[in-house]
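Q: Sharing a structure here in structure tokens format.
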Amino acid sequence: MKRTRDDERDDEVAVTGGEDGARRPAKHHKPTEGAGTNAHVVAQHYNARPEVGRDRRKDSPILHLKNFNNWIKSILISKYAHRGFHVMDFCCGKGGDLLKWSKAGIRHLVGVDIAAVSIEQAQERYTQGRGNRFQATFFAADCFGVSIYDKLPPGHKLDLVSCQFALHYSFESEAKARIGLENITKSLKTGGHFIGTIPNAYWIVKRLRAADGLSFGNSILTVAFDQRDDYPRFGHKYWFELKDAIDNCPEYLLHFPTFEKLALEYGLELEYKKPFHEIFQEESQNEQHRNLLYRMNVVNDEGTISADEWEVAGLYIAFAFRKVS
Ligand code: GTG
């Protein structure tokens with residue numbers, strides 16, 4: 001049977017397994033006062049994003065960026081997820097990594113996310129998916145607001161926890177970052193890993209400082225701050241807008257050295273941290289990973305990716321921690 005480019009892209013892990021110059025925000029996402037409100041704004045945002053399906057996803061103006069980021073995640077997952085593993089996809093969204101887990105040959109997946117509609121979509125994708133060669137349990141919970149320990153299958157010990165494009169939400173406050181770390185580490189085996197991808201706070205601050213006003217961006221991205229005088233460790237909010245992905249959501253700068261220190265308190269030692277651009281330089285030397293770039297339709301017909309999408313890819317870093325105690 002002839003394989004389409006989309007089928008090939010699905011091979012993913014097959015390799016080894018405001019004002020003041022600020023272009024700001026949409027009113028309906030502006031939070032009202034109250035504890036935990038921003039988390040609900042974020043949940044509402046993701047709940048409201050329609051499931052477009054694979055065909056319409058191909059029309060996305062940031063398709064190559066999405067595919068590039070999925071290529072990075074595929075490589076990260078293939079390095080840390082192994083056959084028979086018990087995994088938690090922390091902030092799993094609509095289950096965009098399900099196929100990657102399947103390719104890695106894991107045994108069981110727990111998927112948890114604050115957005116209940118996304119959880120339903122993840123469950124649906126899992127049920128209907130071609131690649132569900134593992135067991136999975138999904139539930140909705142605020143990963144950075146409540147303890148999820150008692151919702152995990154009893155006695156469940158995890159080999160790996162993955163948190164993709166979401167850990168920055170925990171930096172709304174130290175209390176939230178700690179709840180997140182507690183949830184990530186409590187069921188993680190010693191020797192197990194915690195992997196993830198986040199916006200690079202240094203990259204963002206560098207761009208902000210180089211900008212005239214309170215915002216910067218390009219044709220697909222706008223990052224806007226409310227102020228540029230104060231740099232708190234926690235609760236340093238900015239508004240993130242990425243065409244066809246994020247409609248102006250509040251996010252928080254994750255000061256990595258602070259996170260690293262905090263993580264150590266929970267027994268996590270940093271093993272790996274790299275910007276996406278560097279990962280590309282390194283991993284595209286590997287023939288299998290280079291082939292995967294084509295199979296996952298990362299590059300366009302000219303064999304490249306647009307300058308603006310490439311710039312946005314440079315915003316992110318990937319990391320891995322190992323639980324040592
Ligand atoms: P996205 O979640 O829309 O990515 P997709 O790859 O299209 O996901 N970004 C994302 N987040 C959450 C943040 C954030 O919190 N902060 C910041 N600063 N940036 C963020 O995200 C798009 C981009 O937004 C990311 O790359 C980041 O740059 C940024 P999805 O539609 O779930 O697709 C993933 C995989 O699922 C692909 O392999 C698809 O083929 C597959 N898939 C798509 N639709 C379906 C379906 O209907 N069924 C099944 N089974 N699989 C499907």
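The values are calculated or read from the model by the stated rules, or taken from the named source; none is laboratory data. Since the model is a prediction, treat every value here as computed from it, not as a measurement. With ideal geometry, Cβ positions are generated from the backbone for all residues, glycine too; neighbour counts draw on all protein chains shown. These accessible areas exclude ligands, DNA and RNA; they are computed on the full protein's heavy atoms, side chains included. Shrake-Rupley method; radii C 1.70, N 1.55, O 1.52, S 1.80 Å.
Q: Just to verify a result, which residue in the stretch 105-133, among those that are outside any helix (DSSP H, G or I) and within 13 Å of the ligand (Cβ to nearest atom), is most open to solvent (accessible area, probe 1.4 Å)?
A: Only one residue fits best here, namely ARG130.
Q: Among the listed residues ASP226, ASP230, identify the single one that is open to solvent by 60 Å² or more (accessible area, probe 1.4 Å) and either in contact with a Lys or Arg (Cβ under 7 Å, 6 or more places away or on another chain) or at positive phi (or both).
A: Just a single option satisfies the conditions, and that option is ASP226.
Q: Looking at the stretch 249-281, which of its residues are assigned to a helix (DSSP H, G or I), open to solvent by less than 20 Å² (accessible area, probe 1.4 Å) and closer than 28 Å to ARG57 by Cβ?
A: PHE276, ILE279
Q: Follow-up question, since we're still on this one. Across the stretch 142-178, what is the number of residues that are on the phi > 0 side of the Ramachandran plot and surrounded by 14 or more Cβ atoms within 10 Å (Cβ to Cβ)? I'd like the intermediate steps shown before the answer.
A: Within the stretch 142-178, the first condition is being on the phi > 0 side of the Ramachandran plot, and the residues that meet it are 155, 165.
Next, only the ones that are surrounded by 14 or more Cβ atoms within 10 Å (Cβ to Cβ) stay: 165.
Going through the stretch 142-178 one residue at a time, the tally reaches 1.
Q: Checking the structure you have, find out if any residue of the stretch 286-305 is within 22 Å of VAL223 (Cα to Cα), surrounded by 15 or more Cβ atoms within 10 Å (Cβ to Cβ), within 16 Å of the ligand (Cβ to nearest atom) and at pLDDT below 95.
A: Yes; the residues of the stretch 286-305 include at least one that is within 22 Å of VAL223 (Cα to Cα), surrounded by 15 or more Cβ atoms within 10 Å (Cβ to Cβ), within 16 Å of the ligand (Cβ to nearest atom) and at pLDDT below 95.
Q: Condition test on SER78, is it more than 10 Å from the ligand (Cβ to nearest atom) and in a helix (DSSP H, G or I)? Before you say what the answer is, go through the steps one by one.
A: Details: more than 10 Å from the ligand (Cβ to nearest atom): yes; in a helix (DSSP H, G or I): yes.
Spelling it out, SER78 is indeed more than 10 Å from the ligand (Cβ to nearest atom) and in a helix (DSSP H, G or I).
Q: Can you find a residue in the stretch 312-320 that is crowded, with 17+ Cβ neighbours inside 10 Å and away from the ligand (no atom under 14 Å from the Cβ)?
A: Yes, the stretch 312-320 contains a residue that is crowded, with 17+ Cβ neighbours inside 10 Å and away from the ligand (no atom under 14 Å from the Cβ).
Q: Which residues, taken from the stretch 286-306, are in contact with a helix residue (DSSP H, G or I) (Cβ under 6 Å, 6 or more places away or on another chain) and among the polar types (S, T, N, Q)?
A: GLN288, ASN297, ASN300, listed by residue number.
Q: In addition: So LEU268 ticks every box in (1) in contact with an Asp or Glu (Cβ under 8 Å, 6 or more places away or on another chain); (2) closer than 25 Å to GLY192 by Cα but one. Which box is left unticked?
A: Unmet condition: (1).
To keep it simple, each residue is scored yes or no on (1) more than 12 Å from the ligand (Cβ to nearest atom); (2) farther than 30 Å from LYS58 by Cα; (3) of a type in the set (Val, Ile, Thr).
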site	(1), (2), (3)
LEU208	yes, yes, no
ALA211	yes, yes, no
PRO232	yes, yes, no
ASP244	no, no, no
GLU283	yes, no, no
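Q: Of the residues that make up the stretch 185-200, is at least one over 18 Å from PHE144 (Cα atoms), out of contact with any Ser or Thr (no Cβ under 8 Å at 6 or more places or on another chain) and in a helix (DSSP H, G or I)?
A: Let us first name the residues in the stretch 185-200 that are over 18 Å from PHE144 (Cα atoms), namely 189-193, 200.
Add one more test, that the residue is out of contact with any Ser or Thr (no Cβ under 8 Å at 6 or more places or on another chain), and what stays is 189, 191-193, 200.
This time we only want the ones that are in a helix (DSSP H, G or I), so: none.
Looking through the stretch 185-200, none of the residues is over 18 Å from PHE144 (Cα atoms), out of contact with any Ser or Thr (no Cβ under 8 Å at 6 or more places or on another chain) and in a helix (DSSP H, G or I).
Q: Under 20 Å from the mean Cα position of the chain (by Cα), open to solvent by 10 Å² or more (accessible area, probe 1.4 Å) and either closer than 24 Å to ILE198 by Cβ or more than 11 Å from the ligand (Cβ to nearest atom) (or both): does that describe ALA136? Spell out how you get there, then give the answer.
A: Details: under 20 Å from the mean Cα position of the chain (by Cα): yes; open to solvent by 10 Å² or more (accessible area, probe 1.4 Å): yes; either closer than 24 Å to ILE198 by Cβ or more than 11 Å from the ligand (Cβ to nearest atom) (or both): yes.
Spelling it out, ALA136 is indeed under 20 Å from the mean Cα position of the chain (by Cα), open to solvent by 10 Å² or more (accessible area, probe 1.4 Å) and either closer than 24 Å to ILE198 by Cβ or more than 11 Å from the ligand (Cβ to nearest atom) (or both).
Q: Looking at the stretch 233-248 only, could you name the residues that are closer than 14 Å to SER170 by Cα and open to solvent by less than 30 Å² (accessible area, probe 1.4 Å)?
A: Residues satisfying the conditions are HIS236, TYR238.
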